[in-house]
Amino acid sequence: MTTNAAHRILNADLHCHSVVSDGTLTPESLASRAKANGVELWSLTDHDEIGGQQRALAAARDVGLPYLTGTEVSVTFAGTTVHIVGLGFDPEHPALVQGLSSTRGGRDQRALEMAEQLAKVGIPGVFEGALKYAGNPELISRSHFARYLVEAGVCADVSEVFRKYLTEGKPGFVPHRWAKLGDAVRWIGEAGGMAVIAHPARYDLSPTAEYALFSEFKAHGGGGVEVVTGSHSPSEYPKYADMAIEFDLAASRGSDFHSPNESHTDLGALPFLEGRLTPVWERLADRIHFH
Ligand code: AMP
Ligand code: MN
Ligand code: MN
Ligand code: MN
């Protein structure tokens with residue numbers, strides 16, 4: 001990590017989930033797995049939650065893995081859900097701690113309403129079933145519902161669950177108001193970190209709305225965009241490399257790994273960033289924990 005060229009070929013993995021949100025591995029197992037897979041800079045980015053950061057940092061130190069603090073904030077933008085990753089922040093900063101706490105706040109009620117809808121289509125007991133899978137009772141997510149629906153034999157795998165249930169227009173979908181884009185970017189920035197648009201190709205946005213997302217994100221002080229992500233197919237990378245350059249955003253790279261059983265992309269198993277991009281870790285150099 002001493003020259004520009006080396007910066008771009010770093011095996012950084014700056015997006016994944018633990019049992020503190022909707023992953024199935026502990027922060028400690030993720031740190032070991034990342035190290036074993038050759039990751040050179042890691043971040044744990046649990047949804048709306050930083051309760052795993054101290055464990056992740058300690059585990060990264062134990063295996064000798066440079067670490068950036070992380071989270072993935074759920075945002076409502078133009079009527080759809082958008083995810084904003086935060087990297088390199090102070091995990092004790094009150095604006096961020098309180099903002100994430102309020103973002104988590106509505107999940108319980110939403111889960112009860114999701115279960116009510118599923119009961120109406122003849123699938124009972126899903127709230128209690130999903131809760132068994134939630135390692136953090138404040139963070140009950142659609143992933144936990146999906147795992148329970150597979151266990152209950154309703155679907156063969158979690159992809160089938162998301163095709164048939166839990167998504168717009170399907171039973172078990174409850175519209176939800178998450179954080180505002182400007183608030184999420186501000187919490188991360190006030191805590192000294194960089195806000196990054198997660199997996200931009202995954203959103204249900206028109207080209208005009210997508211352009212508005214990038215423009216408003218930039219105007220609010222956002223700093224980066226995921227270009228190489230396990231949530232995109234490689235054919236989607238170049239468009240967002242172009243967008244990073246157009247909007248002068250740094251580029252990030254992360255697997256979005258959730259589980260050995262569910263995730264297509266393992267920790268660290270991604271192509272490198274293109275040389276024309278500025279990596280987020282170049283702009284966050286002073287925030288990296290080298291231990
Ligand atoms: P929530 O924050 O409760 O709305 O849950 C969102 C999570 O559900 C995402 O972070 C993914 O982990 C998971 N998810 C969403 N869509 C799918 C899908 N099609 N297949 C598998 N997992 C999905
Ligand atoms: Mn998830
Ligand atoms: Mn996401
Ligand atoms: Mn994610």
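Here are a few things to note about the model shown:
- Any hit, the range 194-203, residues being away from ligand 1 (no atom under 15 Å from the Cβ), part of a loop (DSSP other than H, G, I, E, B) and under 25 Å from GLY70 (Cβ atoms): no
- For the range 110-127, the count of residues that are away from ligand 2 (no atom under 15 Å from the Cβ), open to solvent by 10 Å² or more (accessible area, probe 1.4 Å), at positive phi and free of Cβ contacts under 8 Å to residues at least 60 places away in the same chain is at least one.
- Residue count for the range 128-150 satisfying the condition of being within 16 Å of ligand 2 (Cβ to nearest atom) and over 24 Å from ARG177 (Cβ atoms): 6.
- Some residue of the range 30-39 being open to solvent by 10 Å² or more (accessible area, probe 1.4 Å), in contact (Cβ under 8 Å) with a residue 12 or more places away in the chain and under 25 Å from TRP178 (Cβ atoms): no
Table: residues versus (1) within 11 Å of ligand 1 (Cβ to nearest atom); (2) open to solvent by 10 Å² or more (accessible area, probe 1.4 Å); (3) in contact (Cβ under 8 Å) with a residue 60 or more places away in the chain.
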| position | (1), (2), (3) |
| --- | --- |
| GLY86 | no, no, yes |
| VAL97 | no, yes, no |
| SER101 | no, yes, no |
| ARG104 | yes, yes, no |
| ALA130 | yes, no, no |
| GLU151 | no, yes, no |
| PHE173 | yes, yes, no |
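- Residue check, VAL73 of a type in the set (Val, Ile, Thr), under 30 Å from ARG186 (Cβ atoms) and under 19 Å from the mean Cα position of the chain (by Cα): yes
- Checking each residue in the range 212-248 for being under 18 Å from the mean Cα position of the chain (by Cα) and part of a loop (DSSP other than H, G, I, E, B) picks out GLY222, GLY223, GLY230, SER231, HIS232, SER233.
- Test result for GLU190, assigned by TED's automatic domain parsing to the domain that holds SER215 and either surrounded by 18 or more Cβ atoms within 10 Å (Cβ to Cβ) or in contact with a helix residue (DSSP H, G or I) (Cβ under 7 Å, 6 or more places away or on another chain) (or both): yes
- Residue in the range 58-66 that is of a type in the set (A, V, I, L, M), assigned by TED's automatic domain parsing to the domain that holds SER252 and within 16 Å of ligand 3 (Cβ to nearest atom) present: no
- Of the helices (runs of 4 or more DSSP H) contained entirely in the range 56-170, those carrying at least 2 residues that are under 21 Å from HIS199 (Cβ atoms) fall at 94-105, 142-151, 158-164.
- Considering (1) farther than 29 Å from ALA56 by Cβ; (2) outside the structural domain of GLY38 (by TED's automatic domain parsing); (3) touching an Asp or Glu at 6+ places or on another chain (Cβ under 9 Å); (4) not aliphatic (A, V, I, L, M), the lone condition that SER159 does not fulfil carries the number (1).
- Residue count for the range 183-216 under the criterion of being out of contact with any Gly (no Cβ under 9 Å at 6 or more places or on another chain), small (Gly, Ala, Ser) and within 14 Å of ligand 3 (Cβ to nearest atom): the result is 1.
- Reported count of residues in the range 217-264, each being within 16 Å of ligand 3 (Cβ to nearest atom), without any contact (Cβ under 8 Å) to a residue 60 or more places away in the chain and surrounded by fewer than 19 Cβ atoms within 10 Å (Cβ to Cβ), is 3.
The values are calculated or read from the model by the stated rules, or taken from the named source; none is laboratory data. Since this is a predicted model, take the numbers as computed values, not measurements. In this analysis, Cβ positions are derived from the backbone assuming ideal geometry, glycine residues included, and neighbour counts consider all displayed protein chains. We work out accessible area using only protein heavy atoms, side chains counted, and drop any ligands, DNA or RNA first. Shrake-Rupley method; radii C 1.70, N 1.55, O 1.52, S 1.80 Å.
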